[in-house]
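Heads up, the thing below is written out as structure tokens.
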Amino acid sequence: MSGTDQDAAKKVWRTMNAEVESSQDVVGSGWLASDTAARACGTRGVQWVINRYGPATTGAERTRVLDDLERRWTALGWQPVRAAITGDAPGQRLRYPATRSLDDGFFVEFGTTEHGSTLQLQTPCTPGDITALNTEKYAERHTNTPPDVPGATPASTPSAGAGS
């Protein structure tokens, strides 16, 4: 595949990353990225998991944040479902779809407790060359959430396997 064949995968990543970063802004500052390298999916497809770790919320903040995120995601055509997080760190979760992922692999989930918040989005499977995208370190070089920052010189190249 040529470099131009990567345009669809890069566009999907940029769109989904922008939505994650906008969703982070609803919650507040202090987020850290722990995104995956491109992973193989489908036939000659790629996808990323965008993982973010962020601030804790109090009960009152939690209600506002969930209401705001639910409105935002619903406006995008997503139908998020709320659920309780139980156990040692009770809180709330907002997820679309409610369970599993869509046929193209997409899902988005936000969870928040008094200890912290997580935001995870798996991009839809899109045609692309996993080796080229990971050699380029595309996702790592195009996020605004630390520790990965635009233009940063990566220390090492992630492997291109499905478990990367």
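Remarks
- Inter-part distance where segment 76-124 and segment 1-57 are each reduced to a Cα centre, Å: 15 Å
- Against the rule of thumb 2.2 N^0.38 Å, how large the Cα Rg of the chain comes out: 1.05
- Accessible surface of the chain, 1.4 Å probe, proportion on carbon and sulfur as whole %: 51 percent
- Maximal additional length on extending the Leu102-Arg141 stretch stands at 11.3 nm, based on 0.36 nm per residue less the C-alpha distance.
- With Cα atoms, 0 to 90° folded angle of helix 59-75 axis to the chain main axis: 50 degrees
- Here the chain is scanned for trypsin sites (Lys or Arg not before Pro) in DSSP loops (not H, G, I, E, B) that have at most 15 other Cβ atoms within 10 Å, and the longest stretch holding none of them is 45-99.
- Annotation: per residue accessible area for the chain equals 50 Å², rounded to a whole number [probe 1.4 Å, protein chains only].
- Sequence-distant residues sharing a close amide H with Thr113 (under 5 Å, placed H): Thr57
- Against the chain, whose longest principal axis is taken from its Cα atoms, helix 7-27 shows a tilt of about 20°.
- Listed values for segment 115-127 are Karplus-derived 3J(HN,Hα) couplings in whole Hz (6.51 cos²θ - 1.76 cosθ + 1.60, θ = phi - 60°), namely 9, x, 10, 10, 9, 9, 9, 9, 5, x, 5, 9, x, and x replaces Gly and Pro.
- A straight chain from Thr58 to Val81 at 0.36 nm per residue would run longer than the Cα-Cα distance by 6.3 nm.
The values are calculated or read from the model by the stated rules, or taken from the named source; none is laboratory data. In this text the structure is predicted, and so the values were computed from the model without any measurement. Cβ coordinates were reconstructed from backbone atoms using ideal geometry, including for glycine residues, and neighbour counts include every protein chain displayed. Just so you know, the surface numbers come from the protein's heavy atoms only, side chains and all, with ligands and any DNA or RNA stripped out. Shrake-Rupley method; radii C 1.70, N 1.55, O 1.52, S 1.80 Å.
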